[in-house]
Structure formats: C-alpha cells, structure tokens
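A.B. asks: Handing you this structure, nothing more for now.
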Amino acid sequence: MANSRVTARNVAERAGVSVTTVSFVLNNVEGMRISEETRQRVLEAARGLDYYPDSLARRMVTGRTQNIAYIIRQSPDQAFADAFMPEVLNGLARGAAAQDFHVLFKPIGPEDSRGFAWLIRERHVDGLVIAGPRTDDPELLNLVDRGVPVVLQGQLSGVQIPFVDVDNQHGARIASQHLIKLGHTRIGMITNGDLNYTAAAARLAGYREALTLAGLPVEEKLVRYGSFTPQSGEAAIADLLGEKPTAVFVASDVVALGVMKRLQTLGVHIPNDVALVGFDDIPLARYLDPPLTTMRLPAFGLGWGAAQLITRFINRVPVENQQVLLETKLIVRASCGGQPPEEINPSPEDHAPATNQ
C-alpha cells in the first residue's frame, strides 16, 4: 500500500484497535491507559504500512508543533551579516533535533512592529530562544509572565528568565587587560550594538572595569557604538581615530572586520599604529591580515545548551540549573602585537572558572 494512501484507520484495522488509540500511541499522548502490548501492536502495524501521522494531525492531538523559534533581536541585514551566528544555529538545530524538535529562525529587530509574540499566539512554535535580549522589550516580559517557555542567549538583570550565556563583562575585561599588559594606556572601544542590548552594555562595563583596575582614566570620548555590521565598524573607527588611540577593543569580530578595512584603507598599520582585539572568534578571524586577536565564545555550545533547556521546558521536564554560563578564552594573534601562541589562559585571579548559577 503506497504511503500516500495509508490512513490511521488502516493502521487501526491491522492492529485491531480504534483510530483514537492509534492517534494516542503515535503521538505519544501522555496519561492514556494503553498497555505496552497494545502500544507495540500499533507501532508494528504503522511500521508495516509505512505510516506516519502528518504534522497537522499531530498538532491537533497533542497541541504541539514540535517547533521552537530562534529569535535574534536584530534586523535581517544585521543578523545575516553576523558570521558568528551559523555555528550557534548549528548547535541549536542539532540539539533540537536530538529531542525531535525543529527550529524556525526569525531575525526581528526592535523596529519590527509585529514583534514575535504572534509566533506563540498563532501556534507556529511551542517555545522561544531569544538571542540578544534588550532591556526595552516589554513583549518578552509579557510572554514570560504568561508562562510561555522562553530561554535567553543573554541575560536580563533583575528578571528570572532561564539563559545560556557567557560572562560578557568578564570577557571584555580580559580582552582590555591584554592591551593594557602590552603597554597601551590610550585604549578606545567600539561596542557591538547600542546599549539597550544587554551584551553590549556588559562588554562596555568590562572595558571600563579594566581601565579602572589599571588606574587609567575612563574617557567617554574614546568610546564609539557599533551596530552589528562591518559598515558600523568602518564609521566608528573613522571617527575614533581623531582621539588618537594606540589600541582599540572592538566588542564584535564582525564589527572589527569594518574597523580593519578602514584602517588599512587609511594606511594605518595594524598593530604598529593601532592594536586591535575583537570578541567572538568568528571562523574568519584567524585568516584576516593580520589575524585577529579575540575572545573565543563557544558558539556551538551556546546553541546546544539553549536547545537542551527549551525542549525540557516544553516537555515539562524539571530543570535544576536554569542559568548556565559557558567559558570564554582569549585567543592571541598578530593584530594586537602580542606574542602568539594562539591560546592564552588567563591566571586564576584574572579569569575565574565559568559558573552555572
């Protein structure tokens, strides 16, 4: 019998049960008093007929879509410029697939009036993983208040939302301290995004912390604001050069691509004239000229960890550890003028182990 013509009734007839029992078994509906012998008979009948319930039928029975949405709080242009994102998506998709879920990827910037709550309201997805949370996002807080399964890649201060993240402030401090240890005292910074993004604010705080700990002045005129794209890096460094920094911490490797391009166009030598340190360790970083010193983030782990959390929440599996911090590592290459090796492990007092809170 061709698969396109097989129905649940055919399975029921072969297994000697009702169509309702077939639906309950094949859709793993909880709480039904179905014996193991009956369950196995239904499964064998379905395999013998090469029958699989379609997604619409499964949704009607279980109330589940088996989809999760990956929401990145950036415009499509910003999101697709992010060379860090593919490996995060790889980890998320593979982690979700291991739990029989699919991933819907949606870049939704703050200017998008439709937002993302409609994905839940119209039952396109069962839960949300939100990357790049913003402090000015009432839609997110409303969903959490309603009990919608939500996991952040990032953190929101004062709000108990499960997350998988890195310690952005600590990583930025280590990156900035590396430039200080190389003898720089006039260090600029270019953020990855505006300060409504919590990661951007945390990385700026880490830069300021490093300067303060070293007894260096914190000068706002040495800070510029990127916008997740190489073009924003080009504009920021062109403006920042007027302040004559000898080194710049760029809080995004993608933004740093534009910084490097503009410096090279202007004939500014990296690292002799301006030393650079980035953040993320995108795959291209080691192939740039010069190769980019940067903070390595566990991109795959951020995706995999978020998938593990969100699928457990959707399946109502108890999760003891709902706030996960993954480790970062400073990767030293030629752009800062320091001595490679590529991997530098900061001393214990500089880099406490990552913690699961």
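A.B. asks: Do you know which residues across the range 265-282 are on the phi < 0 side of the Ramachandran plot, over 26 Å from the mean Cα position of the chain (by Cα) and either among the acidic types (Asp, Glu) or part of a loop (DSSP other than H, G, I, E, B) (or both)?
C.D. replies: Passing the criteria: Leu266, Val268, His269, Ile270, Pro271, Asn272, Asp273, Val274.
A.B. asks: Tell me yes or no: at least one residue of the range 241-264 is on the phi > 0 side of the Ramachandran plot, assigned by TED's automatic domain parsing to the domain that holds Gly193 and outside any helix (DSSP H, G or I).
C.D. replies: There is at least one residue in the range 241-264 that is on the phi > 0 side of the Ramachandran plot, assigned by TED's automatic domain parsing to the domain that holds Gly193 and outside any helix (DSSP H, G or I).
A.B. asks: Among the listed residues Thr20, Thr65, Thr7, which satisfies the condition of being under 30 Å from Asp165 (Cβ atoms), modelled with pLDDT under 90 and not acidic (Asp, Glu)?
C.D. replies: One residue alone meets the criteria, Thr65.
A.B. asks: Moving on. Could you please find all residues in the range 246-262 being under 20 Å from Ile180 (Cβ atoms) and either among the charged types (D, E, K, R) or crowded, with 23+ Cβ neighbours inside 10 Å (or both)?
C.D. replies: Result: Ala247, Val248, Phe249, Val250, Ala251, Ala256, Val259.
A.B. asks: Kindly indicate whether Asp280 is of a type in the set (Asp, Glu) and touching a residue at least 40 places away in the same chain (Cβ under 8 Å).
C.D. replies: Yes.
A.B. asks: How about the range 248-297: which of its residues are closer than 22 Å to Lys221 by Cα and of a type in the set (Val, Ile, Thr)?
C.D. replies: Val248, Val250, Val255, Val259, Val268, Ile270, Val274, Val277
A.B. asks: Is it fair to say Arg203 is in contact with a Leu (Cβ under 6 Å, 6 or more places away or on another chain), touching a residue at least 24 places away in the same chain (Cβ under 8 Å) and not β-branched (Val, Ile, Thr)?
C.D. replies: No; evaluated as a whole, the condition is false for this residue.
A.B. asks: For the range 304-333, which positions are closer than 14 Å to Gln99 by Cα, touching a Gly at 6+ places or on another chain (Cβ under 9 Å) and either at pLDDT 95 or above or of a type in the set (S, T, N, Q) (or both)?
C.D. replies: Trp304, Gly305, Ala306, Ala307, Gln308, Ile310, Thr311
Rundown of residues vs (1) surrounded by fewer than 24 Cβ atoms within 10 Å (Cβ to Cβ); (2) out of contact with any Lys or Arg (no Cβ under 8 Å at 6 or more places or on another chain); (3) modelled with pLDDT under 95, yes/no style:
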site	(1), (2), (3)
Leu182	yes, yes, no
Arg186	yes, no, no
Thr191	no, no, no
Ala201	yes, yes, no
Gly206	no, no, no
Thr212	yes, yes, no
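A.B. asks: Take the residues of the range 305-320 that are of a type in the set (Val, Ile, Thr) and either buried (at least 22 other Cβ atoms within 10 Å of the Cβ) or without any contact (Cβ under 8 Å) to a residue 60 or more places away in the chain (or both): which is nearest to Pro149 (Cα to Cα)?
C.D. replies: Ile310
A.B. asks: Now, a different point. Of a type in the set (A, V, I, L, M, F, W, C), assigned to a helix (DSSP H, G or I), in contact with a strand residue (DSSP E or B) (Cβ under 6 Å, 6 or more places away or on another chain) and not assigned by TED's automatic domain parsing to the domain that holds Pro86: does that describe Leu179?
C.D. replies: yes
A.B. asks: Now, a different point. Given Ala200, Ala210, Ala247, Ala236, which one is in contact with an Asp or Glu (Cβ under 9 Å, 6 or more places away or on another chain) and not aromatic (Phe, Trp, Tyr)?
C.D. replies: Every option except Ala200 fails the conditions.
A.B. asks: Next question, about the same structure. Go through the range 286-304 and give me each residue that's surrounded by fewer than 24 Cβ atoms within 10 Å (Cβ to Cβ) and either small (Gly, Ala, Ser) or part of a strand (DSSP E or B) (or both).
C.D. replies: Arg296, Ala299, Gly301 - these are the residues of the range 286-304 that are surrounded by fewer than 24 Cβ atoms within 10 Å (Cβ to Cβ) and either small (Gly, Ala, Ser) or part of a strand (DSSP E or B) (or both).
A.B. asks: Can you confirm whether Leu152 is closer than 21 Å to Thr191 by Cβ, part of a strand (DSSP E or B) and touching a residue at least 12 places away in the same chain (Cβ under 8 Å)?
C.D. replies: yes
One line per residue, one yes/no per condition, for (1) modelled with pLDDT of 85 or more; (2) surrounded by fewer than 16 Cβ atoms within 10 Å (Cβ to Cβ); (3) in the same structural domain as Phe228 (by TED's automatic domain parsing):
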| site | (1), (2), (3) |
| --- | --- |
| Gly48 | yes, yes, no |
| Ser55 | no, yes, no |
| Arg73 | yes, no, no |
| Asp77 | yes, yes, no |
| Phe80 | yes, yes, no |
| Met85 | yes, no, no |
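A.B. asks: When the residues of the range 4-24 are filtered to those that are closer than 10 Å to Ala46 by Cβ and of a type in the set (Val, Ile, Thr), which remaining residue is surrounded by the fewest Cβ atoms within 10 Å (Cβ to Cβ)?
C.D. replies: Val6
The values are calculated or read from the model by the stated rules, or taken from the named source; none is laboratory data. What you see is a predicted model; the values in this text were computed from it and never measured. So basically every Cβ, Gly included, is an ideal-geometry build from the backbone, and we count neighbours across all protein chains shown.
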